[in-house]
Each structure stands twice: as structure tokens, then as C-alpha cells.
Amino acid sequence: MLHGVSLSVVPGEFIAILGSSGCGKTTLLRTIAGFQKASGGAIRLFGRDVVNMPPERRGMAMMFQSYALWPHMTVLGNVGYGLRLRGVPKDEIRSRVAKVLAMLNLTGFEDRKVTNLSGGQRQRVALGRALAIEPEILLLDEPLSNLDAKVRIQLRSEIKALQSRLGFTAIHVTHDREEAMTMADRIVVMDTGRIAQVGAPKEVYDHPNSPFVASFMGAENTLSLDVRPSGSGVEVRADEAPPALYSGEVPVGPVTAYFRDDVASLDDPNARVDGSIVLPGNITQRTYPGGHYRYVVAIGNRHFTVTDDRYHELARPVGLRLPLASLHMFSNNQTTGGNHA
Amino acid sequence: MARPSFFGLLLIAPALAMIGGLFLYPLGFSLVAAFTEPDGDLSVMHFQKAYELYSTDILFTIFIVVVSTLLTGLFSIAIAGILTLSETPWLVGALRNLYRWPLFIPFIVAAQCMRTFLAKNGLMNNSFVALGLMEPLQTTSFLDWRGIIITFVWKQVPFVTLMLAGAMASVDRATIEAGRNLGASRVRVLIELVLPQVAQTLLVGLVLSFVTMLSVLSVPMMVAGSQPTMLTVDMAFRINSYGDYATANALGVISYAIAGTVAWIYLRHNIKREVQA
């Protein structure tokens with residue numbers, strides 16, 4: 001179910017629809033493609049309402065999570081099918097398919113059976129099949145989620161590069177935040193059938209407009225704070241820490257702060273730093289994932305994960321330093337809290 | 001090693017005895033009888049007799065079964081295609097509930113129903129007359145080769161459709177959507193994308209239907225007249241009227257040969273696929 005979803009896409013733009021499973025992102029994409037009937041509302045394609053148009057007449061191309069290649073056809077048959085439907089002569093199909101395959105580093109694969117290809121090659125063929133008809137809009141339904149990490153990262157940049165080169169509009173559904181961030185011009189975060197936030201990747205990442213978006217974009221640690229006006233700025237208090245002064249724009253009153261692991265750092269437990277709040281605690285665990293240390297710091301009965309370049313002994317009292325500018329603060333009076341860590 | 005294999009043999013002995021006694025022995029016996037003269041010499045005289053008397057019926061049987069198989073295939077593809085690709089929920093629902101009924105009706109009952117339905121003054125013609133579509137004088141009986149084909153197709157379509165619709169349902173939906181997304185109509189999706197993926201199942205269903213129709217006695221006997229008729233009727237006639245088992249056996253071997261041809265086509269197709277894969 002989708003509720004009041006309103007989204008405009010500029011020609012040539014790369015849009016990523018991001019959300020957890022069941023949030024309606026695939027439903028939105030399938031409704032755009034025409035596989036799901038909309039009970040109301042409009043889908044306008046260059047000004048033309050296509051809500052009642054069958055999928056085969058919408059002129060969009062789609063890439064599927066399961067590749068959806070036709071196993072009884074060769075690579076040529078798969079990639080050239082859209083052209084065959086458009087009545088393109090055989091010789092021209094062959095030459096156009098060869099061009100598409102060259103673009104995807106699949107030259108010479110024309111007569112291979114698609115069942116004999118690797119996952120990455122299959123998804124390239126699926127991309128080729130979508131691009132062969134030179135669509136104005138390419139819909140991507142989690143096309144990279146079945147591939148292993150290395151191939152996935154490689155295909156990400158290939159798709160992005162092709163999109164900038166050929167100039168088609170892309171709407172990409174994914175649950176992978178990094179994938180959305182690296183590929184899209186704009187990100188649409190969806191939550192239970194509604195659009196939670198739309199914006200450039202950096203804007204959504206740095207300035208989430210709700211606790212849901214904040215935690216979805218990786219700020220999954222929460223901290224209750226009390227913000228009071230003080231002089232020209234505000235005074236921020238946490239239960240365990242001395243108050244800190246801050247001059248940035250934050251909601252006043254009881255707030256919940258959301259932050260990512262990487263914004264916290266370790267400091268002296270009694271340090272007082274302007275614009276940062278320092279929570280005293282103890283190191284309970286240390287691991288070395290490579291490049292830096294990762295510590296688990298206990299503050300009261302809460303545990304936070306911190307990365308730090310320096311080596312610290314276990315059970316040592318430390319201060320968990322959180323720069324207030326990097327916290328996403330939401331007033332408790334507006335939010336219902338939700339299911340955050 | 002000797003003891004376990006002996007016990008193993010003992011365990012399957014009843015089953016083996018059943019196959020041997022009820023299937024292999026009669027089959028072997030009728031094969032031998034078809035090729036043996038009354039005095040015990042090997043000969044093809046029974047086949048000569050069968051050919052002289054029933055060559056028209058052999059061709060008639062092949063014609064009926066081949067046409068019925070082709071029509072069964074066409075109707076099954078159409079129904080399974082609608083069940084898989086239609087976007088009209090009431091049509092799919094109605095078809096899903098209706099198409100299986102003939103499966104549960106025996107051939108002999110189907111034949112009896114067709115007698116009253118297809119006769120000159122049967123239900124079908126009476127309905128056409130009542131609807132004003134034709135005059136009573138224009139009505140003709142369908143109780144001939146057409147009646148046999150109609151009964152066979154009516155009876156076998158549900159069986160093949162059941163197999164085909166099941167196979168189509170297990171085809172990855174995304175391969176269908178990918179076709180429509182690129183601009184293929186539903187008919188093209190069915191013929192060019194779905195059917196090739198379920199061709200194997202269709203072939204199995206049609207081969208089984210072919211062999212079943214070849215062996216039905218009640219339908220040609222009840223629906224159509226006596227000349228020409230199908231080989232099953234001739235076999236029954238040779239045995240019941242003359243006690244002529246030899247000629248009946250020869251006709252039986254000819255039926256095997258016809259069924260064997262289809263089985264050979266099926267096996268060849270299977271081997272080709274395995275070699276390709």
C-alpha cells in the first residue's frame with residue numbers, strides 16, 4: 001500500500017528509492033512500470049498520464065533482481081528481443097546488439113546460452129536487454145542484490161557511468177544505503193508506504209528530517225538529552241555528563257539525539273570541550289578490524305561502539321566525546337520514539 | 001554379499017511377480033501369438049489379414065488421435081495461458097473452477113453424455129434451434145469422427161492443462177514481466193517466452209494423452225458408427241465375434257508401433273535437451 005506518494009523526476013536524473021523490506025519501494029516501482037494497478041492517483045510520463053496504460057506500452061525498461069533472462073534464448077536473443085518487437089531488421093538487430101554488448105564488455109557473447117553465464121555476466125546481459133531499446137526511463141528493481149560484493153561494486157559504477165553517458169532517467173530501488181548513496185543524484189527514503197524524505201545523498205545523510213530517516217541512514221545510537229536556552233545559545237545536558245554550551249540550531253526541551261558510531265571519539269573522562277558533550281564511561285571491549293581500533297564503551301547501563309586510532313587499555317575510564325554538530329536531535333514532544341536502539 | 005542381495009530380491013519378489021504375471025507375460029504372449037501361424041511357424045499372415053481388413057481403420061485411428069492431440073494442445077495452451085497471463089480476475093476464477101471437471105468423468109460416461117449432446121436432435125442442436133440460430137431441417141448429427149474428436153479433446157484438455165498451468169505457474173514471473181516491459185503483448189509473451197520454457201511439460205502431457213486416446217474403446221464404440229472406426233473397436237470385434245485372437249493381437253502390435261513412434265519422438269527430444277545442457 002502506498003499513501004500520498006508524490007515524486008517528480010527530472011529527465012536524466014538518477015533516483016534511488018531506499019527503504020527496508022515491506023516499505024513499499026518495490027510496489028512503487030512496479031506501479032510505475034504498470035505491473036501493479038494503482039487504485040487512484042496519476043503517473044505522468046512527460047506530461048501524459050499512464051495509469052491505465054498496460055506495461056508494454058509505457059516504453060520503460062526494467063532490470064529485475066532475478067535477472068529474468070529467458071533461458072531458452074541466447075544472449076543475442078535476449079538482448080535483441082526488444083528490437084525484434086519493434087520490427088527492426090535482423091542485420092540491424094545483430095549490429096545494435098553487438099554495440100550494446102561491447103559497451104558492457106561482453107563482445108563475442110552473442111551466441112552463448114544465458115544459462116552458461118556467471119551472475120555478473122547475466123546481470124550485464126539483463127542491463128543490455130534493457131538498454132538495447134534505448135529507453136528514456138530505466139527501472140532497476142534491486143538488480144545487484146544477488147551478486148557477490150566485488151561484482152556488485154563494479155556493476156554499480158558501470159551502471160552509473162552508462163547512465164551519465166547515455167543520459168537516460170533511472171529509478172533504482174534498493175535497501176542498500178551505500179548503493180543508493182554512491183549511485184543516485186537524489187535519494188527517496190520510504191517508510192511504510194510513505195515518502196519519509198527526498199534529497200541529495202549528502203543532504204539526507206547529514207540532515208535527516210525524522211528519527212526514522214536518521215536511524216535508517218546509519219545513526220542508530222540514541223541518547224536522551226535536555227536542551228535549555230542559555231544566553232545566546234543553548235545548554236545541552238545529559239544525565240551522566242557535565243552540561244555543554246552550543247550555539248547551533250537545535251530543538252529546545254527534552255530531545256533524543258541520534259548518532260553514528262564514527263562521530264564519537266575517545267577523550268579524557270573529565271575533558272570539557274566547547275560544542276561537544278563528553279560522557280564518562282569504561283572500555284569493556286577492544287577489537288582490531290584493521291586500520292583502527294574499535295572499542296565498546298559502557299556508560300551507565302548503555303553500551304556504545306567507538307572507533308579510535310589509539311590503543312587504550314581495557315577497563316580504563318574514558319570520556320565518550322560527541323560533537324553536538326554531528327548529532328541529529330529530535331524533540332521528544334513531536335516524535336513517538338519508535339523502535340530505536 | 002550373497003545374503004543381503006537374496007533378501008533384497010525376496011522383498012521385491014511380489015512386485016516383480018505382479019509385473020511378470022500381469023504385464024510381461026500377456027504382452028509377450030500376444031506378441032508371439034501375433035507372429036505365429038496356427039501350426040506354430042513364424043509368419044506375418046495375421047498382419048496381412050489385419051492390413052487387408054482394417055487398413056482404413058489404421059489410418060482413421062492415426063488421423064483421429066493426431067488431430068485430437070493437436071487440438072488438445074491448442075486448447076490447453078489457450079486455457080493455461082489465460083490462467084497465467086490474464087488480468088481479468090473473474091475470468092481466471094471461473095476458468096480455474098470449471099476446467100478440471102472433465103478429469104473426474106470416465107470416458108464411458110463422457111461418451112454417453114456426448115451421444116445425447118451431439119445427436120441430430122441432441123441438446124446442442126436443440127439449443128441452436130431454440131436460439132433461432134438454425135432451422136430444425138438444417139441440423140446434422142455430430143456422431144461420427146467429429147464426435148470422437150470432440151469427446152477426446154473435451155476429456156484430455158483438463159489433464160494437459162493441469163500439467164501445463166502448473167508448469168507455467170512455476171516459471172519465474174519476472175521473465176514474463178520482462179517481456180511485457182519491453183513491449184510484448186500477452187499473446188507474444190505466451191508464445192515466445194512462456195511456452196518455450198514449458199515445452200517439455202507440454203510434450204509429456206501430449207504424449208500421455210496420445211497413448212490414452214489410442215487405447216480408449218468406449219468412445220469410438222458409443223459415439224461413432226461402425227465404419228470406419230478405431231483399432232480398439234476392431235480388436236474387441238475380432239475377439240468377441242470370431243474368437244480371432246491372432247488378428248486382434250496383430251492389431252495390438254500395430255497400436256504399440258503407433259504409440260512407440262510417439263514415445264520415440266519424446267525420448268529423442270529428451271536426449272537432445274540433455275546433450276545441450
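I'm told B:L164 meets every condition in (1) surrounded by fewer than 21 Cβ atoms within 10 Å (Cβ to Cβ); (2) away from chain A (no Cβ under 14 Å) except one. Can you identify the failing condition by its number?
(1)
When you scan the stretch B:53-149 for helices (runs of 4 or more DSSP H) that lie fully inside it, which ones turn up with 1 or more residues that are surrounded by 20 or more Cβ atoms within 10 Å (Cβ to Cβ) and of a type in the set (A, V, I, L, M, F, W, C)?
Because the criterion is at least 1 residues that are surrounded by 20 or more Cβ atoms within 10 Å (Cβ to Cβ) and of a type in the set (A, V, I, L, M, F, W, C), the helices (runs of 4 or more DSSP H) in the stretch B:53-149 that meet it are B:107-118.
So for the stretch B:173-182 (the condition being surrounded by 18 or more Cβ atoms within 10 Å (Cβ to Cβ), on the phi > 0 side of the Ramachandran plot and part of a loop (DSSP other than H, G, I, E, B)), does at least one residue qualify?
The answer is no, given that none of the residues of the stretch B:173-182 is surrounded by 18 or more Cβ atoms within 10 Å (Cβ to Cβ), on the phi > 0 side of the Ramachandran plot and part of a loop (DSSP other than H, G, I, E, B).
Pairs, please: C-beta under 8 Å, at least 6 apart or cross-chain, first residue without any contact (Cβ under 8 Å) to a residue 60 or more places away in the chain and in the stretch B:89-100, second small (G, A, S) and surrounded by 13 or more Cβ atoms within 10 Å (Cβ to Cβ)?
Qualifying pairs under 8 Å: B:V92/B:S86.
With the stretch B:214-277 as the region, which helices (runs of 4 or more DSSP H) entirely inside it contain at least 1 residues that are under 29 Å from B:L202 (Cβ atoms) and in contact with a strand residue (DSSP E or B) (Cβ under 9 Å, 6 or more places away or on another chain)?
Numbers: elements: B:218-223, B:231-237, B:245-276.
Those helices (runs of 4 or more DSSP H) span B:245-276.
Please go through the stretch A:263-294 and pick out each residue that is hydrophobic (A, V, I, L, M, F, W, C) and assigned to a strand (DSSP E or B).
A:L266, A:I277, A:V278, A:L279, A:I283
Mind checking which residues of the stretch A:108-128 are closer than 15 Å to A:Q154 by Cα and of a type in the set (D, E, K, R)?
Listed by number, the residues that qualify are A:R122, A:R124.
Please work out if A:R48 is within 10 Å of another protein chain (Cβ to nearest Cβ) and not aliphatic (A, V, I, L, M). Full working, then the answer.
Working: within 10 Å of another protein chain (Cβ to nearest Cβ): no; not aliphatic (A, V, I, L, M): yes.
No: the conditions fail for A:R48.
Could you list, in sequence order, all residues of the stretch B:104-133 that are of a type in the set (A, V, I, L, M) and either modelled with pLDDT under 90 or over 27 Å from B:V160 (Cβ atoms) (or both)? Give the steps one after another, and end with the answer.
Going through the stretch B:104-133, the residues of a type in the set (A, V, I, L, M) turn out to be B:105, B:108-111, B:114, B:118-119, B:123-124, B:129-131, B:133.
Within the stretch B:104-133, B:A119, B:V129, B:A130, B:L131, B:L133 qualify.
Give B:R186, B:R238, B:R273 a once-over and let me know the one that is within 14 Å of another protein chain (Cβ to nearest Cβ) and modelled with pLDDT of 90 or more.
B:R186
What number of residues within the stretch A:219-240 satisfy the criterion of being without any contact (Cβ under 8 Å) to a residue 60 or more places away in the chain and among the hydrophobic types (A, V, I, L, M, F, W, C)?
Number of matching residues: 2.
What pairs come up if the first residue lies in the stretch A:71-85 and is at the interface with another protein chain (Cβ under 10 Å from one of its Cβ atoms) and within 17 Å of A:G119 (Cα to Cα), the second is in a helix (DSSP H, G or I) and hydroxyl-bearing (S, T, Y), and their beta carbons are under 7 Å apart, counting only those six or more places apart or on different chains?
Every condition considered, the pairs that remain are A:P71/A:T115.
The values are calculated or read from the model by the stated rules, or taken from the named source; none is laboratory data. Fair warning: this is a prediction, and the values are worked out from it, not measured in the lab. Because the Cβ atoms are built from the backbone with ideal geometry, glycine has one as well, and the counts that use them run over all protein chains shown.
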